[in-house]
Structures are given as C-alpha cells and as structure tokens.
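The values are calculated or read from the model by the stated rules, or taken from the named source; none is laboratory data. Since the model is a prediction, treat every value here as computed from it, not as a measurement. Every residue, glycine as well, gets a Cβ built from its backbone with ideal geometry; the counts of neighbours run over all protein chains shown.
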Amino acid sequence: MSEHHEEYLDLCAAYALGVIDEVGQRRLEEHLAHGCSICEAALADFSSAAVAIASTAAPAKPSPRLRERVLAAARSQPRAPSLRRRPAFVQVVLAAASIALLATTVTMWQRVERMTAERDATRVQLEEIARELEDSKRIERLLASPDTDCFDLAATGTVDTTLSARACFDRSSGGAVLVFHGATPPSGHDYELWVLHGDHPVSLGIVRADASGRALTHLDAIASPVTVTAFAVSLEPAGGSTAPGPSGPVIRVAALEG
Amino acid sequence: MTDVTRDLDCLRRIAAGDEAGLSELYDRYIGLIFPMAVKIVGDNAHAEDVVQEVWMQVWRSAPSYDPKRGPVAAWLLTITRSRALDVYRSRSARAKREDVVAKESVESGHDPGAAINGARKRDLVRRAFAALEPKKREVLELAYWHGLSQSEIAVRVGAPLGTVKSWMRQGLRDLRASLPEGEWW
C-alpha cells in the first residue's frame, strides 16, 4: 500500500478531467499501482462527475449511416479470427466447447490484465531506480563543489516541532539539497519549503517524508540563485499554501549572507 | 446483469473480436458521446468523423481498459474528448464552437429527449452543475470543454495554481455529491 497524500487527490481530479500532465500521470499511476483505496474511490467519484459534465451537452443525433460505417470499419480490421469464417466442423467443435472457451477467455483476460499490470509496475520501479541513481550522482557532484555552503535552518520558536532541517546550496549553479528529520506534521497539515528572493517567497513544494519522518529534497537549479536570501519552512494546511507566500507560521529559517 | 457488468462484458467481447459487442456498446453510449463531440468540434459532420475514430480506438484498445481508473462511460468520454479537442485545435473551429455553446446557453430549457437516459436525469445534472459555485464551475468548464491545463486556467482566471487545483477537486466532489449514488447515467 502506498502512502496517501492530499496532493494525489488533485492528480485524480486532473486525471478525471483529462488535463493531467505526463509527469503527474506517471506519479499517480505509480501511486495507484501500489494500491490506494482513497484515490481509487476518488477516481470513481471524479470520473462519474466528469461524465455528468459531458451529459450537459445539448442533445444531438448522428446520421443513421454512422452506425453502419463504424461496424464496417471494425469488420475491415478484425481483432481476432472470426468464428464465421471457419469451416463448419470447426464451428461445431467450438460450439461444443463454448462454455469452457468462455471461461478460458475470461481467465486469460484476467491473466493478461494482471501480467500487464505487473510489467508496468516493474517498468515504473526500474525507471524510479534509474532516476534515483542519477539523482545520487548529481547530489554527489553538488556536495563536492567548492561553491557549496551547508547550514542548518534554525527554529523560529513559533511552533513547537520536532522538525530539523539542513541545507547545502551552491549559489553559482542554483543546486540545493535539503535534508529533514522529524518531518511529521500535525494531522491535516503539511510542511512547505520556501526560498526567498529578497522579501519575495517562492514555494519549493511540500516536504514529503518517509514513515520515519526523514525527507530529502534535491533541486537541480533554483531560478536566480544570486538573489536567494533565505530558505524557510512553514506549517501549512494539507496540500500547502494556496496564497502566493506562506499562509501558516514559518517554523524554520536560514538567512544567507549576500 | 448491471450496467457495469454489461459494459465489461461488451469490452471482453470486443477484445475477442466480437462485432456484436461493439454494436451493443455503440447503442448504449452514442447518445452520450456524440453530443460531446458536436459541442467540441462545432458541427455534426466533423463530430461523426471523431466518433468513428473513437469506436475504432475502442475496437483496437479494449484490452487496455482498466476498471480501476473509472467506469467504461468515463473511458469512452476521455477518448472522445481527446480526439475531438485534437480536431478542434487543428481546424480552427473556434467560431463555430462558440456559436454552439452560445446557442445552448439560451436554449437550456429545450427538450432534452435525445439524451441517453432521458430528460429527467439530464435536467438533474444541468441543475447540479448550475448550482456549483461559479469559480468551481468555471474551472471545470475551462478544463473539460476547452482542454486548458491547470496552469493555463490559473492564468485565465487570475488565481494561484494551488487554488485552481482545489476548486477543480472540490467542484468535482460537489457535483458528484449532488447526483444519485451508484450508476446514475
């Protein structure tokens, strides 16, 4: 079972409306491949709602010829050998075995579905491993850079929290790695990471921790690294701030020297 | 046999090359997908081309349907919407489409008898959709009928991306909550 986050529900909504992007779709499918009853239920609900939107279109009828055109086109592209084209004796044999054949077909269908799902899940895992390996190499290069500074994000004292955070930032390339411990927000909340350019905050996303509360955020290139003045973490409602900046208390911060 | 099991049975038969399965599914859903195609591409002739492509895709890719991703109706509509938006974008039919949308908005009380499951359900859905908060309704319309991404919608309505995502999710949830449980279509 994959851990559920509110963010996945946004992806479910985008999926049902057909506006999900490639990255989002891959993330959602990976999440669903591990099983998530909350998202499966949400997808069913959202898909039904999308059907409702479709049914608000004004009634329209196609010409009666369309049905025949569709069936004729299908006939010209047979998906499987047609029983009608087989010799009569074969039809007799197949008819006698029809119940077994039907059962086999259903079983095969389910098996193919299962194998396809397993193959897709394996492919996703391999891609994930490759991505993680590549990511590790990039982090290694970043940490080895002479321009990289490492520092802790200090507690502001606004909220009593177990969260600790340390950042390594290369101002020349904009690369950054942040490591979090104790990143277990109160129920219904998320920790959100921010970078400040002067006084202007830009969200770097929700801090996604594992079950032990550890998280690692790697950013290849923060835009305009020379104007970065601080990193900060705020406590936000689940899903993150809907405002342009933090909407909840800032609980960790590190100001950088200019 | 419920509608859901009947749909799945049709798809299994289609996957096995059974034309009758395709015929049955066509009859069940043409009343839902054709109006959608017309609304997006703007006229019946192009909508018929779209619908023919949709059924050919169903014929070829029935084995790839995954019930966990939503009901068969939603799958058919996703294919239809995608094909129709492709045609719409490629043939600059915006003016025609706007005409259709505008015409619909002033004819909202006309006879919906051609809808797949009758006038009552259609009116129910229309009322539920109209009752949504305006911002939620707007983002759903921009996404579904105009094919705009969440980022494009955020720019169009002048709201933060996170807010647009939230409206979209809540709009779908509110709409679903206002419809009967189970297989309402």
If you scan the range B:125-158, which residues turn out to be surrounded by fewer than 17 Cβ atoms within 10 Å (Cβ to Cβ) and hydrophobic (A, V, I, L, M, F, W, C)? B:A130, B:A131, B:V155, B:V157
Within the range B:114-145, track down each residue that is more than 7 Å from every other protein chain (Cβ to nearest Cβ), in contact with a helix residue (DSSP H, G or I) (Cβ under 6 Å, 6 or more places away or on another chain) and at pLDDT below 85. B:I116
From (1) more than 8 Å from every other protein chain (Cβ to nearest Cβ); (2) touching a residue at least 40 places away in the same chain (Cβ under 8 Å), pick out the condition that doesn't hold for B:R13. (2)
Residue check: is B:Y88 farther than 29 Å from A:E40 by Cβ and either more than 8 Å from chain A (Cβ to nearest Cβ) or in contact with a His (Cβ under 9 Å, 6 or more places away or on another chain) (or both)? yes
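Could you tell me how many of the residues in the range A:148-164 are among the small types (G, A, S) and more than 21 Å from A:V177 (Cβ to Cβ)? Can you show your working first?
Going through the range A:148-164, the residues among the small types (G, A, S) turn out to be A:154-155, A:157, A:164.
With more than 21 Å from A:V177 (Cβ to Cβ) added as a condition, the list becomes A:157.
Of the residues in the range A:148-164, 1 are among the small types (G, A, S) and more than 21 Å from A:V177 (Cβ to Cβ).
So, A:A144, is that one more than 14 Å from chain B (Cβ to nearest Cβ), at pLDDT below 90 and within 27 Å of A:L9 (Cβ to Cβ) or not? It would help to see each step written out before you state the result.
On the way: more than 14 Å from chain B (Cβ to nearest Cβ): yes; at pLDDT below 90: yes; within 27 Å of A:L9 (Cβ to Cβ): no.
Here the answer is no, as A:A144 does not meet what is asked.
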As an exercise: evaluate B:L148 against (1) under 16 Å from A:A50 (Cβ atoms); (2) of a type in the set (A, V, I, L, M, F, W, C); (3) over 17 Å from the mean Cα position of the chain (by Cα); (4) at pLDDT below 90 and give the number of the one condition it does not meet. (3)
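Matching residues to (1) touching a residue at least 40 places away in the same chain (Cβ under 8 Å); (2) in a helix (DSSP H, G or I); (3) not β-branched (V, I, T):
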residue	(1), (2), (3)
A:R123	no, yes, yes
A:K137	no, yes, yes
A:P146	no, no, yes
A:F151	yes, no, yes
A:G157	no, no, yes
A:T161	yes, no, no
A:R166	no, no, yes
A:T184	no, no, no
A:Y191	yes, no, yes
Selection count, the range A:1-49, where residues are surrounded by fewer than 22 Cβ atoms within 10 Å (Cβ to Cβ), more than 7 Å from chain B (Cβ to nearest Cβ) and small (G, A, S): 6
Could we say that A:V177 is buried (at least 16 other Cβ atoms within 10 Å of the Cβ), in contact with a helix residue (DSSP H, G or I) (Cβ under 7 Å, 6 or more places away or on another chain) and either farther than 19 Å from B:T163 by Cβ or polar (S, T, N, Q) (or both) here? yes
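Is it the case that the range A:237-245 has a residue that's within 14 Å of chain B (Cβ to nearest Cβ), among the hydrophobic types (A, V, I, L, M, F, W, C), buried (at least 19 other Cβ atoms within 10 Å of the Cβ) and under 28 Å from B:V155 (Cα atoms)? Steps first, please.
As a first pass, look at the range A:237-245 and keep what is within 14 Å of chain B (Cβ to nearest Cβ): A:237-245.
Retained after the next criterion (residues that are among the hydrophobic types (A, V, I, L, M, F, W, C)): A:238, A:243.
If we keep only those that are buried (at least 19 other Cβ atoms within 10 Å of the Cβ) as well, we get none.
Looking for residues that are within 14 Å of chain B (Cβ to nearest Cβ), among the hydrophobic types (A, V, I, L, M, F, W, C), buried (at least 19 other Cβ atoms within 10 Å of the Cβ) and under 28 Å from B:V155 (Cα atoms), one finds none in the range A:237-245, hence no.
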Could you check the range B:17-59 and list, in sequence order, the residues that are at the interface with another protein chain (Cβ under 8 Å from one of its Cβ atoms), small (G, A, S) and either surrounded by 20 or more Cβ atoms within 10 Å (Cβ to Cβ) or in contact (Cβ under 8 Å) with a residue 60 or more places away in the chain (or both)? B:G31, B:A47
Give me a count of the residues in the range B:162-185 that are loosely packed, with under 15 Cβ neighbours inside 10 Å and over 20 Å from the mean Cα position of the chain (by Cα). 0
